[in-house]
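Novice: Sharing a structure here in structure tokens format.
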Amino acid sequence: MALPPQIGERRSYDSAPCTVRYVGEVAGTSGSWLGVEWDDPSRGKHDGQHKGVRYFSCLSQSPNAASFVRPTRAPDAPQTFLSALTFKYARGPSQNQTPARQIKFSGKVAEEVGFEKISRQQAQLDELQFVILDGVQVAHATDPERDGHQSIHQVCPKVRELDLSRNLFERFGPVVQICSELKLLRSLRVNGNRFRDIFDDEVLESAGDAFAGVTELALEDTLLSWQEICHIASKFPSLTTLHAGSNQLSTLTAIPPAPFATSLVSLHLELNDFTSLSSLAPLATIPTLRNLLLKGNYISTINPPSSPPPIFGPNLHYLDLSYNLIASWTFIDALPATIPGLTSLRLTHNPLYTDPDLDDTTTTTTTTTTTPTPTSIPTPPKPIFPLTERITPRPTASSARKSEEAYMLTLARLPALRTLNFSAVTPADRADADMFYLSRIARQLAAVPEGGDTKEEGVVLARHRRWAELCELYGEPVVVRRGEVVDAGFLEARVVGVEFVFCGGGGGGEGKEVVRRVQVPKSFDIYAVKGVVGRVFGLSPLRVRLVWETGEWDPVGGFDEAEGEGDEEDREAEWERREEEGGAAGGEVAGLERKGGRWVRREVELRDGPRQFGYCVDGLEARIRVERR
């Protein structure tokens with residue numbers, strides 16, 4: 001006889017797991033109801049409140065995670081570990097009732113080649129090393145009435161990786177019982193389960209060496225608190241990798257003394273609710289931590305004004321901040337002080353990458369640095385796990401260019417980086433980025449009026465800590481400062497100060513360089529400008545080529561115009577594969593080969609034509625290279 005439903009009971013309807021949160025009547029209806037919270041919040045209709053009456057509360061923050069079902073609705077039958085294992089790998093659905101539906105292409109039946117061999121291999125349960133029992137209603141370890149007297153160790157002794165995600169466990173005890181018989185187990189995934197009473201679970205407390213060999217633990221989407229996650233992790237003495245994403249975490253409390261606090265290498269906290277790095281300050285007490293993944297949070301600052309900036313351990317080398325709300329270069333500049341050992345960074349899909357000039361003040365002459373307010377950055381909806389299911393538009397040439405500029409500026413501001421966005425940083429990449437950044441600083445300095453207050457220049461340089469270092473490495477760039485605003489009716493507003501540079505050796509640039517400075521009226525067309533050049537250098541106007549050196553930089557070969565979200569996900573998958581193979585134990589995060597990424601100075605040829613010179617160049621100063629045709 002079936003037992004009456006209980007609060008906290010785990011059930012499954014049509015393979016959709018849920019937790020019973022309420023048993024009783026609902027106003028305006030007849031009979032009894034079960035109030036359930038669905039593991040998948042998209043299946044619900046409300047959050048436990050119906051027609052203004054609160055019947056129960058949910059763990060999930062979703063407004064639609066709950067609904068009511070009748071107690072008479074038959075739930076799916078719960079399984080034991082051994083029954084689910086046998087059904088999936090040894091017996092399978094194909095040997096039960098109806099044959100599988102035939103798959104046809106253009107009227108021809110597709111044949112399955114090789115699957116029978118795989119099925120026979122998997123049916124040898126005593127040889128299985130990788131077991132995936134995801135979403136198969138497992139609620140218990142074993143049941144003598146259903147499984148006989150076989151033990152898990154007798155049935156599948158060689159299991160090394162076990163996935164028990166999205167099942168019907170109510171407590172962590174059954175997981176302990178299962179793993180205690182798998183002596184070779186190294187990886188355990190229990191994502192999407194809803195464990196309760198973690199601190200009062202007697203079986204968990206007496207786990208002993210049940211998890212002695214497990215190095216990787218995944219507790220994603222369990223909606224456990226950080227204290228509960230740490231309590232479970234404390235039972236894993238050899239833990240090096242912990243996954244705790246999608247748990248609605250917004251801040252971390254102090255980590256209690258535990259073995260994992262001196263062995264953890266990689267911590268995954270993706271898709272949580274962190275807003276600043278200071279919320280993660282307790283992680284600084286883990287000396288072995290090397291990789292910290294914070295993808296898909298709401299991080300926009302290092303620390304709020306009310307708290308000091310955190311300082312993480314020197315072994316923390318890799319940081320993933322993709323899909324956050326970082327919108328200021330001040331955040332990037334502060335990273336070396338907060339994470340002294342940072343050598344690998346992922347920063348894509350932040351407002352700063354969409355518009356690298358977001359907090360750039362070069363367009364005005366004011367000395368105030370404006371930090372974007374929360375209202376200036378649209379807050380995206382909470383990402384739905386997994387993040388890769390979000391559709392990202394294919395990048396346009398403009399967005400790809402801005403992304404590449406952000407890449408260059410990030411690389412230049414963080415001189416210790418060896419990999420950025422999974423791409424290895426070569427010496428050529430470093431030099432290109434440094435010179436590009438130097439030209440950007442020079443452009444900002446040029447916006448300060450000539451003869452203006454030195455405080456304005458100081459404000460600009462204060463935003464760029466590497467200015468002196470870069471000038472020492474590459475030489476100080478020529479800063480063409482803008483004079484005071486000139487009345488459009490004055491003569492000086494109608495001419496351009498042009499620095500003509502001629503190399504006597506020809507177009508290749510060989511030979512002695514000759515420089516002449518000439519005031520050229522904006523109203524001259526290109527023919528007239530070439531006439532001026534001919535007189536100055538003694539050349540035939542018809543045999544010269546004029547090239548305006550803009551001082552700006554362009555990517556070579558259209559980098560990233562054809563590279564979209566799929567390419568980045570491929571690089572992420574490759575990084576994860578490398579981490580699993582050897583990086584988790586403490587290896588440096590290796591960068592992948594980067595496509596393109598080389599930059600050159602932008603040059604514009606001034607072609608013959610009647611167009612006025614003032615429309616061909618920008619500003620009141622220009623540098624033009626003269627070449628023989």
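Novice: From Glu405, Glu457, Glu472, grab the single residue that is in a helix (DSSP H, G or I), among the charged types (D, E, K, R) and within 22 Å of the chain's Cα centre (by Cα).
Specialist: Working: Glu457 fails: within 22 Å of the chain's Cα centre (by Cα); Glu472 fails: within 22 Å of the chain's Cα centre (by Cα).
Exactly one residue qualifies, and that residue is Glu405.
Novice: Quick check on Ala258: is it surrounded by fewer than 20 Cβ atoms within 10 Å (Cβ to Cβ) and under 22 Å from Ser187 (Cβ atoms)?
Specialist: Details: surrounded by fewer than 20 Cβ atoms within 10 Å (Cβ to Cβ): yes; under 22 Å from Ser187 (Cβ atoms): yes.
In short, yes.
Novice: In addition: Are any residues in region 7-28 among the polar types (S, T, N, Q) and either more than 41 Å from the chain's Cα centre (by Cα) or surrounded by 16 or more Cβ atoms within 10 Å (Cβ to Cβ) (or both), and if so, which ones? Can you show your working first?
Specialist: So in region 7-28, the residues among the polar types (S, T, N, Q) come out as 12, 15, 19.
Residues satisfying the conditions are Ser12, Thr19.
Residue by residue, here is whether (1) basic (Lys, Arg); (2) farther than 14 Å from Val136 by Cα; (3) surrounded by 18 or more Cβ atoms within 10 Å (Cβ to Cβ) holds:
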residue	(1), (2), (3)
Glu37	no, yes, yes
Lys45	yes, yes, no
Tyr55	no, yes, yes
Ala65	no, yes, yes
Thr86	no, no, yes
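Novice: Can I ask one more? Tell me, please, whether a residue that is over 19 Å from Glu603 (Cβ atoms) and modelled with pLDDT of 80 or more can be found in region 475-487. Spell out how you get there, then give the answer.
Specialist: Quick first cut of region 475-487, residues over 19 Å from Glu603 (Cβ atoms) only: 475-476, 479, 481-487.
Now narrow it down to the ones that are modelled with pLDDT of 80 or more: 475-476.
Yes, that holds for at least one residue.
Novice: Name the residues in region 600-620 that are at pLDDT below 80 and over 21 Å from Arg494 (Cα atoms), would you?
Specialist: Val600, Arg601, Arg602
Novice: Taking only pairs six or more apart or across chains, which ones have beta-carbon atoms under 7 Å, a first residue in region 301-319 that is closer than 17 Å to Asp333 by Cβ, and a second residue that is of a type in the set (Phe, Trp, Tyr)?
Specialist: Close Cβ pairs satisfying both conditions: Thr301/Phe331; Ile302/Phe331.
Novice: Hey, among the residues in region 144-159 that are of a type in the set (D, E, K, R) and within 16 Å of Gln79 (Cα to Cα), which one's surrounded by the most Cβ atoms within 10 Å (Cβ to Cβ)? If you could, list the steps in order and put the result at the bottom.
Specialist: From region 144-159, those of a type in the set (D, E, K, R) are 145-147, 158; that's our starting set.
The next check asks that each one be within 16 Å of Gln79 (Cα to Cα); those that pass are 145-147.
Numbers: Glu145: 7, Arg146: 12, Asp147: 19.
So, considering only residues that are of a type in the set (D, E, K, R) and within 16 Å of Gln79 (Cα to Cα), the one surrounded by the most Cβ atoms within 10 Å (Cβ to Cβ) is Asp147.
Novice: Considering Leu321, Leu292, which residue is buried (at least 21 other Cβ atoms within 10 Å of the Cβ), under 30 Å from Lys183 (Cα atoms) and in contact with a Leu (Cβ under 6 Å, 6 or more places away or on another chain)?
Specialist: The match here is Leu292.
Novice: Something else about it: Output the residues belonging to region 153-165 that are farther than 17 Å from Ala212 by Cα and either basic (Lys, Arg) or not in a loop (DSSP other than H, G, I, E, B) (or both). If you could, list the steps in order and put the result at the bottom.
Specialist: Residues of region 153-165 that are farther than 17 Å from Ala212 by Cα, as a first pass: 154-156, 163-165.
Of everything in region 153-165, those that are farther than 17 Å from Ala212 by Cα and either basic (Lys, Arg) or not in a loop (DSSP other than H, G, I, E, B) (or both) turn out to be Gln154, Val155, Asp163.
Novice: When you look at Leu347, is it among the aliphatic types (A, V, I, L, M) and in contact (Cβ under 8 Å) with a residue 60 or more places away in the chain, yes or no? Quick ask: steps written out before the conclusion?
Specialist: Working: among the aliphatic types (A, V, I, L, M): yes; in contact (Cβ under 8 Å) with a residue 60 or more places away in the chain: yes.
The answer is yes for Leu347.
Novice: For residues in region 232-262 being of a type outside the set (Ser, Thr, Tyr) and not in a loop (DSSP other than H, G, I, E, B), which is nearest to Phe195 (Cα to Cα)?
Specialist: Among those that are of a type outside the set (Ser, Thr, Tyr) and not in a loop (DSSP other than H, G, I, E, B), it is Ile232.
Novice: Now for a separate question. Kindly provide the set of residues from region 414-454 that are exposed (fewer than 14 other Cβ atoms within 10 Å of the Cβ), more than 30 Å from the chain's Cα centre (by Cα) and not small (Gly, Ala, Ser), ordered by number.
Specialist: Answer for region 414-454, where residues must be exposed (fewer than 14 other Cβ atoms within 10 Å of the Cβ), more than 30 Å from the chain's Cα centre (by Cα) and not small (Gly, Ala, Ser): Glu450, Asp453, Thr454.
Novice: I need the full set of residues from region 166-197 which are surrounded by fewer than 19 Cβ atoms within 10 Å (Cβ to Cβ) and assigned to a helix (DSSP H, G or I), in order please.
Specialist: Gln177
The values are calculated or read from the model by the stated rules, or taken from the named source; none is laboratory data. In this text the structure is predicted, and so the values were computed from the model without any measurement. With ideal geometry, Cβ positions are generated from the backbone for all residues, glycine too; neighbour counts draw on all protein chains shown.
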